[in-house]
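Heads up, the thing below is written out as structure tokens.
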Amino acid sequence: MFTVELYAAVRRAVMVDGLSHREAARRFGVHRNTISKMLQFSVPPGYRRRERPVLKKLGPHIAWIDGILESDRSVHAKQRHTAQRIFERLRAEEGYTGGYTVVREYVAAATLRSREMFVPLSHRPGHAQADFGEADAYIAGRKVRFHYFCMDLPHSDDGFVKAYPAETAEAFCDGHVAAFAHFGGVPQSILYDNTKLAVAKIVKGGKRLRSRMFAELQSHYLFADRFGRPGKGNDKGKVEGLVGYVRRNFMTPMPVAASFDALNAQLIDGCRKRRAAVLRGHTGTIGERMQADLAVFMPLPSSPYDACHKVATRVSSLSLVRYRNNDYSVPTRYGHQEVLAKGYVDRVEIACRDEIIAIHPRSYEIADFIYSPLHYLALLERKPGALDQAAPLEDWQLGECLHRLRRLLEARMGTPGRREFIQVLRLMENFQQHQVEQAVTQALGLGAISFDAVKMLLLARQENRPARLDLTLYPYLPVARVGATDPRAYLALIAGTGLSPETQGIPA
């Protein structure tokens, strides 16, 4: 292989100094034909094959290999043929006698030719793309796998991110509500993949049937929806890029937060700081370019969409309502009634008619039981024998003063004492637990071991008045004065009856 310096020297000697081909060949020690080639190219052209080599052994099998590569397009990426697997099948099924290298080179070239090409796109202001990503974090000291909702504005590259315990329909809709509030407006249209959270079914002609909850969201905010081709993530490449950016920059190293609310505060802070960035190919910051998006956004409605999943169901005989394979308690007086369970991202609300009868933290476990001990106290008051075996009360952390009160009540009255203890617990239906425990501690100190005493002390504390059994402190109450009884006072009862005291057996 001749160097560029030799090419330059030969070309100058012949083309500038007028040296003949024969003399140049003798001076530089190369063949005259080589001198002719050097005069045609300013740099060494390298080896050039005049025509494609004939694959004598592989040639008859090329159509078979192309068929395999074409069929692999519809197969899971991890189950497609490798060059080694094609080589093995060629030898076993087609009787191929050639080597592996030529098969590998042909498969590599064919794969390269089949790779998709794309057209650079421009994005008008006022439109958005949305998708979910997945990552790990330490939440409340526990490593969890969570999902995060991303909405990207392709024109300005501004984005919104919010983390959720699971990729559910209510998280999908709540992400939209939070994103619109973050941007301060509603995009004219949003591009999605064909997620089942938005698309219930794709029917003939590519028409999408929206899921009920997504249709409600769209009707509330009035944005247009657009959907990419199935399996073509590049159709919404901007939000796919945001998903990756968030994972690399906001979640590396692994986030640590006390709760999902704390994690989301970190993510929102990262989104706001990113608005100061100037991206490649632009002169203005993300925040400056976002003004064009805001100028064509639709205004927010007067109230946000109630992002929850609703299920009509019935209360069981155990006073439980099942939602997403978990059971949530309600007060026992609603047993066997029709209710509506509303699942939010962070809580489950249960309504009977127009009344919210229970609110619980949302559980993402499977076959979990979420109790409120207060829901069962009214029933336990009628069935005090079940107090020690009541599952809803197993994990209820009560102060030592309450346990002491129970021991004293049961020692004094037996079963009625247990019922009276449950009445004390029922005070927590209207007061905070720490308030009841303070009243119990005060009653124990006074030696007033009863429900009435605890209730009176609790009410006195609430009304900011002294808790004493002295009626002079309550002037608005009628005063009753009781003196010693004189038997002669009963004579007034027989006055005017015509009966003498002797008849009545009363000495005169």
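Miscellaneous remarks
- Per the listing His155, His220, the residue uniquely closer than 30 Å to Ala276 by Cβ and not acidic (Asp, Glu) is His155.
- In this entry, Lys196 passes the filter for residues that are within 24 Å of Ala135 (Cα to Cα), without any contact (Cβ under 8 Å) to a residue 24 or more places away in the chain and out of contact with any strand residue (DSSP E or B) (no Cβ under 9 Å at 6 or more places or on another chain).
- Residue check for Pro120: under 30 Å from Gly237 (Cα atoms), of a type outside the set (A, V, I, L, M, F, W, C) and either touching a Leu at 6+ places or on another chain (Cβ under 9 Å) or open to solvent by 40 Å² or more (accessible area, probe 1.4 Å) (or both): yes
- Taken over segment 76-96, the criterion of being at pLDDT below 90 and either closer than 16 Å to Thr111 by Cβ or open to solvent by less than 80 Å² (accessible area, probe 1.4 Å) (or both) is satisfied by Ala77, Lys78.
- Residue satisfying all of: in segment 206-229; under 21 Å from the mean Cα position of the chain (by Cα) and among the small types (Gly, Ala, Ser); most open to solvent (accessible area, probe 1.4 Å) among these: Ala215
- Positions within segment 411-433 being open to solvent by 60 Å² or more (accessible area, probe 1.4 Å) and either touching a residue at least 12 places away in the same chain (Cβ under 8 Å) or within 14 Å of Ile449 (Cβ to Cβ) (or both), in sequence order: Ala411, Arg412, Met413, Thr415, Pro416, Arg419, Arg426, Glu429
- Residue list for segment 92-133, restricted to those being over 21 Å from Met290 (Cα atoms) and in contact with a helix residue (DSSP H, G or I) (Cβ under 6 Å, 6 or more places away or on another chain): Glu94, Tyr96, Tyr100, Val103, Arg104, Val107, Ala110, Gly133
The values are calculated or read from the model by the stated rules, or taken from the named source; none is laboratory data. Predicted model, so just to flag it, every value in this text is computed and none were measured. Quick reminder, even Gly has a Cβ in these numbers, built from the backbone with ideal geometry, and neighbours come from all protein chains shown. Side chains are part of the model used for accessible areas, which takes the heavy atoms of the whole protein and leaves out ligands, DNA and RNA. Shrake-Rupley method; radii C 1.70, N 1.55, O 1.52, S 1.80 Å.
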